[in-house]
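**Q** Submitted below is the structure of interest, expressed as structure tokens.
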Amino acid sequence: MTPQQSETPAELEHEGSSARLRDAHRIVVVRALRGFADGLVSVLLAGYLVRIGFTPFQVSVLVTGTLLGSAALTMGVGLAAHNVERRPLLLLACALMVFTGAGFALLTTFWPLLIVAVVGTLNPSAGDVSVFLPMEQAALANTTSGPERTHLFAWYNVAANLAGAVGALTSVVPAVIAQRYGINLVDAERAGFLVYVTVAVISSIAYLRLGRSIDTHAAAAAPLARSRSRVLRLTALFTLDSFGGGFVVQSLLVLWLYQRFDLSVQAAGTIFFVAGVAGALSQLLSPILARRIGLIQTMVYTHLPANLLLIVAGLAPTASVAISCLLIRAALSQMDVPPRQAYVMAVVPPEERAAAASMTNVPRSLAAAVPPLFVGLMLSHSTVGWPLVCGGAVKVLYDLLLLLEFRAVPATQS
């Protein structure tokens, strides 16, 4: 094409679609890398903290700190994102991720580590509860529309869960290295937090290469100006679900399996690897099921049996029964994630998506930050899985309320 020639509208549209597709791929890849890092440190975290001298209650306080800090950051970023470019915010989140990994690798006293936990990005759970989430979800929603959005969110979560499962499995490597080469186990486990730092650096490079498609140029007068009521109703329900999830964050679940059944970190890493793979692959079925029965119905009909299995696992008399219930639950519990994310993006206008993503994802940190304190006390007095029973019961209530409240509110898929 010569300089005098201009591109046709079709060519411009094709170039725009290609750029949006590249941006979507980069976001999915970065989410997978971060999922690997989260899976690795979430399994290492509790045992590492105990080995450097912290009590189970102190571990639960640090976990609470990570969740509260993530909630505050996520809320602030999401509410400001309607008129701020997303790339600088994502790069700032990467800088905080570097600070967090370095802090957990180098600090060994409680109060400095608590400060790092609160202001940092460490994720003690299998899913993403960090400041990255509203920015990535809003950016991803801008790269596609309609029913394809659910498929894209499915792959976004599948990539993260599969990588998280590999990260959980990789958590056995420090113990193997320590045993084989006579290295102190704590020193070997610190390398896991340095991997976390490395992932942050790689993520920042990928974010720098994102195009303009990740930003929405239509300015909103205020965050959630048009969809406030609907988003607040969803947020209230997601808060309830996240509160239940706070009883079973992965780091504390590892601690319970150790206390109840004397399972090692290596065994726990293998279990959560299988659980992560099962949860990831099951999400590929979500778009198919959602197209047949609807987004809300898919969320509830897969989530409800998973939560009943969580209750059974908590009361299981043997390790084999508990682990079986947890693995079957893992195959069902994540199928609601792509429909939930797609539903939120579909029922709000494009310029309010970042704020909506923030408002509906903040409960995944804020509400989940309270139960770990109770879990620490429960595990200090009993090895019975009361945290699993409490978490499952709360999440069952959420499923029923969600179905009653939103089954008649359709997604526009625009």
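**Q** In a helix (DSSP H, G or I), at pLDDT 90 or above and under 18 Å from D23 (Cα atoms): does that describe A206?
**A** Values: in a helix (DSSP H, G or I): yes; at pLDDT 90 or above: yes; under 18 Å from D23 (Cα atoms): yes.
Spelling it out, A206 is indeed in a helix (DSSP H, G or I), at pLDDT 90 or above and under 18 Å from D23 (Cα atoms).
**Q** Got a sec? Which helices (runs of 4 or more DSSP H) wholly within the stretch 276-346 have at least 3 residues that are surrounded by fewer than 21 Cβ atoms within 10 Å (Cβ to Cβ)? Can you show your working first?
**A** On the way: elements: 286-293, 295-315, 319-333, 337-346.
So the answer is 286-293, 295-315, 319-333.
**Q** Let me ask you something else. Take the conditions of a type in the set (G, A, S) and either at pLDDT below 80 or not in a helix (DSSP H, G or I) (or both) and apply them to S60. Does it pass?
**A** no
**Q** Follow-up question, since we're still on this one. Within the stretch 185-213, which residues are over 22 Å from the mean Cα position of the chain (by Cα) and of a type outside the set (V, I, T)? Before you say what the answer is, go through the steps one by one.
**A** As a first pass, look at the stretch 185-213 and keep what is over 22 Å from the mean Cα position of the chain (by Cα): 185-191, 208-209, 211-213.
Of everything in the stretch 185-213, those that are over 22 Å from the mean Cα position of the chain (by Cα) and of a type outside the set (V, I, T) turn out to be L185, D187, A188, E189, R190, A191, L208, R209, G211, R212, S213.
**Q** Residue under question is A268, and the condition is that it be under 23 Å from Q137 (Cβ atoms), of a type in the set (A, V, I, L, M, F, W, C) and under 20 Å from the mean Cα position of the chain (by Cα); does it hold?
**A** Answer is no for this residue.
**Q** For the stretch 382-389, indicate whether the set of residues that are of a type in the set (S, T, Y), modelled with pLDDT of 75 or more, assigned to a loop (DSSP other than H, G, I, E, B) and farther than 26 Å from V274 by Cβ is non-empty. So that I can check it myself, show each step before the final result.
**A** Going through the stretch 382-389, the residues of a type in the set (S, T, Y) turn out to be 382-383.
From what is left, the residues that are modelled with pLDDT of 75 or more are 382-383.
Add one more test, that the residue is assigned to a loop (DSSP other than H, G, I, E, B), and what stays is 382-383.
Next, from what is left, pick out any that are farther than 26 Å from V274 by Cβ: 382.
Checked the stretch 382-389: at least one residue is of a type in the set (S, T, Y), modelled with pLDDT of 75 or more, assigned to a loop (DSSP other than H, G, I, E, B) and farther than 26 Å from V274 by Cβ.
A quick yes/no check of all residues on (1) part of a loop (DSSP other than H, G, I, E, B); (2) at pLDDT below 90; (3) under 19 Å from R190 (Cβ atoms); (4) in contact with a helix residue (DSSP H, G or I) (Cβ under 7 Å, 6 or more places away or on another chain):
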| site | (1), (2), (3), (4) |
| --- | --- |
| G78 | no, yes, no, yes |
| A81 | no, yes, no, yes |
| R87 | no, yes, no, yes |
| T100 | no, no, yes, yes |
| S125 | yes, yes, no, yes |
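**Q** Hey, T144 hits all of (1) in a helix (DSSP H, G or I); (2) touching a residue at least 60 places away in the same chain (Cβ under 8 Å); (3) more than 13 Å from the chain's Cα centre (by Cα) but one; which does it fall short on?
**A** Only one criterion in (1) in a helix (DSSP H, G or I); (2) touching a residue at least 60 places away in the same chain (Cβ under 8 Å); (3) more than 13 Å from the chain's Cα centre (by Cα) is unmet by T144, namely (1).
**Q** Evaluate the following for S251: is it touching an Asp or Glu at 6+ places or on another chain (Cβ under 6 Å), polar (S, T, N, Q) and either modelled with pLDDT under 90 or in a loop (DSSP other than H, G, I, E, B) (or both)?
**A** When the stated conditions are applied, S251 does not pass them.
The values are calculated or read from the model by the stated rules, or taken from the named source; none is laboratory data. This one's a predicted model, so the numbers in the text were calculated from it and none came from an experiment. All Cβ positions, even for glycine, are placed from backbone atoms using ideal geometry, and neighbour counts span all protein chains on display.
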